[in-house]
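We did not get these values from a lab; they are worked out from the coordinates using the rules stated. All values reported here derive from a predicted model rather than from experimental measurement. Cβ coordinates were reconstructed from backbone atoms using ideal geometry, including for glycine residues, and neighbour counts include every protein chain displayed.
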Amino acid sequence: MEKQYCYHCGRERLHLSHGRFIDGSWIDDLRVRYKEAWGKWVCSFTCYWEVINKYGEKWEATLTGQGQ
């Protein structure tokens, strides 16, 4: 496994089951689908929400297509 680092805090990924990718498998991932955070790996739930809140569109814009 090549080294990967958390998109938010820079923590190294030590195991395949550690963290998650922002890839659309969670509904809130869609808030960042047109942003640079899409497809990035985050190490924890805390980092995930930091990224979503920093880069994400509000749900109203996401659902109406206004955020593109």
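At a glance:
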item: Output for the stretch 1-19, where each listed residue is out of contact with any helix residue (DSSP H, G or I) (no Cβ under 7 Å at 6 or more places or on another chain) and either surrounded by 10 or more Cβ atoms within 10 Å (Cβ to Cβ) or basic (Lys, Arg) (or both); result: LYS3, GLN4, TYR5, ARG11, GLU12, ARG13, LEU14, HIS18, GLY19
item: Residues of the stretch 21-44 classified as under 8 Å from the mean Cα position of the chain (by Cα) and farther than 9 Å from TYR7 by Cβ, total; result: 6
item: Check on LYS3, outside any helix (DSSP H, G or I) and over 21 Å from GLU57 (Cα atoms); result: yes
